[in-house]
Amino acid sequence: MVKEVIVKDEVVIPEGVEVHIDGLKIRVRGPKGEIVRDFGSFKNIKLLREGNKIIVLSYFANRRLKALTYTIGRHVRNMIDGVTKGFRYKLKIVYAHFPATVKVSGDKVIVENFMGEKSPRIAKILGNVKVCVKGDDVIVEGADINEVAQTAANIERATKVADLDRRIFVDGIYIYEKGYALGGSLC
């Protein structure tokens, strides 16, 4: 097994973004909001700040520790992208016979009349994520990619059809586009 002495991943901090590092806890603040993440469970990793760069560092890294170092670097890049650009997922409401009604109520997305069912299906909205319904589209926006992606997955999973042939029964809400929320909010 070959170990590298020093594994280093550098993340550049753009203008208008504040970064505070306290051990393995990092706080990133920008025009779209603030994200706090704690990488405290990874004891062999160090987070340092040098000028306008964040350095993710590990010593005597085997294959797994090297991969973990670059993964944490990618998480930090996603945090910076989230507070500067934001993330947007688009979902499509698909139905064949019974028109499904989708509403946002507080921290829940309520899907009524899905495949003619009497009881509504409910999906949870996580954290500081905005969800809006426009026609047959559901738009999920926010700064934290983990919260945006999990909220979109919750909506998609709430309308999962079990024990029926998926080639015939295509009803559901499906993610069809992922990307940055450039150009302002659609909600």
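The values are calculated or read from the model by the stated rules, or taken from the named source; none is laboratory data. Everything numeric here is computed off the predicted structure, so don't read it as measured data. Here Cβ is always computed from backbone atoms with ideal geometry, including for glycine, and neighbour counts include all displayed protein chains.
Odds and ends about this structure:
- Here is the figure for the range 121-148: residues that are within 22 Å of Ala96 (Cβ to Cβ) and charged (D, E, K, R) total 4.
- Of the residues making up the range 146-187, those that are outside any loop (DSSP other than H, G, I, E, B) and closer than 25 Å to Gly116 by Cβ number 12.
- Cβ-Cβ under 9 Å pairs, at least 6 apart or on other chains, the range 153-176 side surrounded by fewer than 17 Cβ atoms within 10 Å (Cβ to Cβ), far side outside any loop (DSSP other than H, G, I, E, B) and among the acidic types (Asp, Glu): Tyr174/Glu156; Ile175/Glu156; Tyr176/Asp137
- Scanning the range 96-119 turns up no residue that is under 24 Å from His75 (Cβ atoms) and crowded, with 16+ Cβ neighbours inside 10 Å.
- Matching option when the condition is more than 23 Å from Gly33 (Cα to Cα) and either in contact with a helix residue (DSSP H, G or I) (Cβ under 9 Å, 6 or more places away or on another chain) or at pLDDT 95 or above (or both), among Val111, Val133, Val170, Val129: Val111
- Filter pass, Ile80 being assigned by TED's automatic domain parsing to the domain that holds Pro14, of a type in the set (A, V, I, L, M, F, W, C) and crowded, with 18+ Cβ neighbours inside 10 Å: yes
- Number of residues in the range 31-90 that are assigned to a helix (DSSP H, G or I) and either under 29 Å from Val129 (Cα atoms) or in contact (Cβ under 8 Å) with a residue 40 or more places away in the chain (or both): the value is 20.
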